[in-house]
Amino acid sequence: MSNFRTAALVGNPNAGKSALFNALTGARQKIANYAGVTVERKSGRLVLPSGEPVELTDLPGSYGLDATSPDEEVTRKVVLGLFPGEAAPEVLVIVLDASNLEQHLVFALELIELGKPTVVALNMLDLAERDGLTIDPAALASELGVPVIPTVAVRRKGLAELTQAIAEAEARGPSPRGPHEFMAERRLTAQTIAGSAILSETSKHRLHARLDQVLLHPWMGPLILFALLFVVFQAVFAGATPFADALQGGVDWLGVQVRNIMPPSLFRDLLTDGILSGVGSVVVFLPQILILFFFILALEASGYMARAAFLMDRMMAGVGLSGRSFIPLLSSFACAIPGIMATRGITDPRDRLTTILIAPMMTCSARLPVYAVIIAAFIPARTVGPGIGLNLIGLQGLVLFVLYVSGILGAMVVAMVLRSSLTKGAASGFIMELPKYQMPRVKDLAIGLYQRAWIFMRRAGTIIFTVAVILWLLLNFPRAAPGESQVDASIAGHVANGLALVVEPIGFNRDIALALIPAMAAREVAVSSLATTYAIDAKGDDATAIALGSQLKAHWSLPTALAFLAWFVFAPQCLSTIAVTRRETNGWKWPGFMLLYLFALAYIFAGITYWSAVALGL
Amino acid sequence: MTLDHLPLGPRARIVAIDWSLLADDEAQRLRALGIDLGAQVALAHRGVFGGGDPLALTIGRMTVALRRSHARAMQVEEI
């Protein structure tokens with residue numbers, strides 16, 4: 001019988017730790033953050049052969065105990081028992097990539113030196129065999145002085161043996177090991193040990209080298225990357241629509257049910273107009289976010305993501321960032337929330353902060369409804385009949401394109417300015433292992449997707465719920481006297497009066513000021529609240545857009561409409577983005593800064609747009 | 001010859017490193033990946049834009065991406 005309760009998986013990045021963790025713990029995982037840092041803490045329950053449960057944590061991948069990134073710092077502190085509030089793991093499970101022994105043994109030796117009860121999982125043996133390597137686990141075990149269990153996590157091989165070894169680890173006690181070595185000596189020892197454990201090595205041409213010949217090819221590489229991105233975007237925008245519509249339908253149906261069941265009351269209005277429409281407006285993005293994450297997870301698991309970073313590094317270096325910022329920024333075109341969450345892969349803290357701060361300028365899908373309505377109403381469809389969104393060709397399409405490009409250019413300029421001021425520091429460089437190619441496994445993708453969906457829904461259920469309620473209260477209190485408009489009497493109405501004075505110089509009228517307040521929850525709410533203001537029955541999307549369009553044309557001038565578009569290129573009107581930024585930067589300082597600079601840019605560029613348009617006589 | 005001038009393909013040994021050209025955390029990261037004095041490396045790929053930046057080098061069974069500015073700090077000899 002063992003009497004410990006904690007164990008940790010530890011090893012180099014790309015050792016297949018996460019797959020092994022998934023295989024050992026199944027879907028019963030808890031994801032949180034380590035206290036005070038934005039490093040993900042993954043833990044799960046491993047059941048020993050005796051039936052006794054063990055808390056297994058999956059520590060961030062690290063090349064050694066000399067930390068150079070926040071992730072590695074967590075691993076170092078937890079392993080050494082220095083992390084406040086974290087018990088040091090009683091058993092270390094070192095995960096080695098069998099096809100890269102010389103490198104992975106260096107960290108393993110350093111960990112074994114600590115003298116804790118230790119088990120080695122010799123993982124990814126299948127990849128080693130694919131590379132023509134034959135390895136003797138017994139020889140490795142006798143060299144290292146700790147049990148070595150061959151595993152293929154993705155095929156669930158060796159799991160029972162590994163669990164058994166973990167159960168016996170503490171009884172066996174600390175691992176005996178020679179004196180402390182320095183890095184260079186350890187590397188030599190690692191090479192010697194690897195040499196004696198590798199029985200034979202045929203010079204089979206390695207698959208990943210051949211794939212790289214194509215995927216990193218000077219001109220085919222970028223071409224394939226852009227083709228892939230095109231497919232991803234098509235899937236995100238086109239593939240998600242039926243699901244998003246179904247969700248929207250579900251939310252609307254719920255609203256109708258509530259109206260049918262409950263007698264009219266303020267509380268019923270709170271449920272339908274406040275909570276259901278507020279939370280619903282964010283939940284409809286779930287399909288897009290899941291499709292996007294499916295591709296990101298699959299590309300990451302296959303090893304391609306690091307190649308995309310490699311291909312894009314030079315362009316990102318132009319604005320002081322590195323290839324690692326590419327994926328988060330790309331994700332932000334669908335939604336800034338997964339984009340900002342994906343910045344955790346950026347090792348340099350200054351690069352990461354810069355990327356978070358510019359991510360909201362990528363044209364996310366929530367802007368499309370706003371753009372579509374305004375463009376359809378004010379920009380003549382010169383070449384083709386009136387279409388909405390991505391079907392636009394001709395002048396309307398050109399305007400949409402300009403809006404996308406404005407966001408990208410704005411982000412580039414801001415990144416350059418930030419990197420030479422607030423996030424100044426030596427260029428972080430770009431040093432990154434390009435992992436071996438692997439077939440992603442459905443179960444790992446499913447677990448990853450489930451976790452992302454859960455994080456998103458939890459946020460929708462808490463922060464966005466709260467905001468929806470507050471906004472509803474602002475719009476409904478104090479109550480209007482009979483004959484008076486509720487909106488005008490409300491706090492929001494009074495705020496809009498004040499706001500109207502502020503935004504008047506950039507061509508916005510009071511109706512716009514009023515629409516901007518609920519649109520703080522999410523940009524596309526601007527459309528529905530304009531529809532409310534102009535008293536349009538919001539039934540079908542297209543019908544609303546057309547009806548709203550003619551109303552807008554009656555009330556707005558063209559310069560005002562253009563200024564409104566320019567405003568939404570920059571304006572940080574998305575509380576979820578602010579909330580996720582607060583969480584990822586651990587405080588209100590950076591989300592506050594983000595709000596300020598983006599609103600300033602929005603105001604300035606809407607103003608420039610308005611006055612230039614007026615001067616041009618548009 | 002510095003590493004950034006090594007042609008694609010042939011193996012070379014790192015014979016000298018000017019650590020003053022590298023930031024501390026970069027140097028540490030490179031060492032952690034085994035890119036250190038005496039290591040045998042080969043260049044596998046060059047980036048597309050801006051004069052072939054970044055570089056992908058193979059060391060042991062690993063492929064590592066780094067910038068030319070890092071490679072410039074390393075003297076290599078072809079084997």
request  = Identify, from the list A:Pro147, A:Pro137, A:Pro117, the residue that is of a type outside the set (A, V, I, L, M, F, W, C) and more than 27 Å from A:Phe182 (Cβ to Cβ).
outcome  = A:Pro137
Matching helices (runs of 4 or more DSSP H) fully within the stretch A:546-618 where at least 1 residues are modelled with pLDDT of 95 or more = A:558-570, A:589-615
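Here is a yes/no grid of residues against (1) β-branched (Val, Ile, Thr); (2) more than 18 Å from A:Ala415 (Cβ to Cβ); (3) touching a helix residue (DSSP H, G or I) at 6+ places or on another chain (Cβ under 6 Å):
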position	(1), (2), (3)
A:Thr577	yes, no, yes
A:Val580	yes, yes, yes
A:Lys589	no, yes, no
A:Met594	no, no, yes
A:Ala600	no, no, no
A:Thr609	yes, yes, yes
A:Ser612	no, yes, no
A:Leu618	no, yes, yes
remark   = If you go through A:Arg344, A:Arg367, the only one that is more than 14 Å from chain B (Cβ to nearest Cβ), of a type outside the set (Val, Ile, Thr) and over 29 Å from A:Ser421 (Cα atoms) is A:Arg367
ask   = With (1) more than 11 Å from the chain's Cα centre (by Cα); (2) facing chain A (nearest Cβ under 7 Å); (3) at pLDDT 90 or above as the list, and B:Leu30 as the residue in question, which single condition is left unmet?
value = (1)
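Of all residues in the stretch A:221-258, how many are more than 14 Å from chain B (Cβ to nearest Cβ) and either under 19 Å from the mean Cα position of the chain (by Cα) or closer than 30 Å to A:Ala306 by Cα (or both)?
From the stretch A:221-258, those more than 14 Å from chain B (Cβ to nearest Cβ) are A:227-258; that's our starting set.
Going one step further and asking which of them are either under 19 Å from the mean Cα position of the chain (by Cα) or closer than 30 Å to A:Ala306 by Cα (or both), we end up with A:227-241.
Residues that pass the stated criteria total 15.
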ask   = Just one of A:Val74, A:Val47, A:Val37 is buried (at least 20 other Cβ atoms within 10 Å of the Cβ) and either away from chain B (no Cβ under 14 Å) or farther than 20 Å from A:Ala301 by Cα (or both); which is it?
value = A:Val74
request  = Filter the stretch A:15-32 down to residues that are within 25 Å of A:Gly64 (Cβ to Cβ) and surrounded by fewer than 14 Cβ atoms within 10 Å (Cβ to Cβ), then give me how many there are.
outcome  = 0
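Listed residues A:Leu101, A:Leu96, A:Leu162, A:Leu65; which is out of contact with any Leu (no Cβ under 7 Å at 6 or more places or on another chain), buried (at least 22 other Cβ atoms within 10 Å of the Cβ) and within 14 Å of another protein chain (Cβ to nearest Cβ)? Don't jump to the end; show me each part of the working.
Values: A:Leu96 fails: out of contact with any Leu (no Cβ under 7 Å at 6 or more places or on another chain); A:Leu162 fails: within 14 Å of another protein chain (Cβ to nearest Cβ); A:Leu65 fails: buried (at least 22 other Cβ atoms within 10 Å of the Cβ).
From the options A:Leu101, A:Leu96, A:Leu162, A:Leu65, the qualifying one is A:Leu101.
From the list A:Pro478, A:Pro482, A:Pro440, pick out the single residue that is away from chain B (no Cβ under 14 Å), closer than 30 Å to A:Gln103 by Cα and assigned to a loop (DSSP other than H, G, I, E, B).
A:Pro440
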Number of the condition not met by A:Leu46 [criteria: (1) under 18 Å from A:Ala88 (Cβ atoms); (2) modelled with pLDDT under 85] = (2)
query = Scanning for something in contact with a strand residue (DSSP E or B) (Cβ under 7 Å, 6 or more places away or on another chain), over 19 Å from A:Ser322 (Cα atoms) and surrounded by 19 or more Cβ atoms within 10 Å (Cβ to Cβ), does the stretch B:43-51 turn up at least one residue?
reply = yes
remark   = Per the list (1) within 14 Å of another protein chain (Cβ to nearest Cβ); (2) surrounded by fewer than 20 Cβ atoms within 10 Å (Cβ to Cβ), residue check on A:Ser302 breaks on (1)
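The values are calculated or read from the model by the stated rules, or taken from the named source; none is laboratory data. Note that the structure is a prediction, hence the values are computed from the model and not measured. Because the Cβ atoms are built from the backbone with ideal geometry, glycine has one as well, and the counts that use them run over all protein chains shown.
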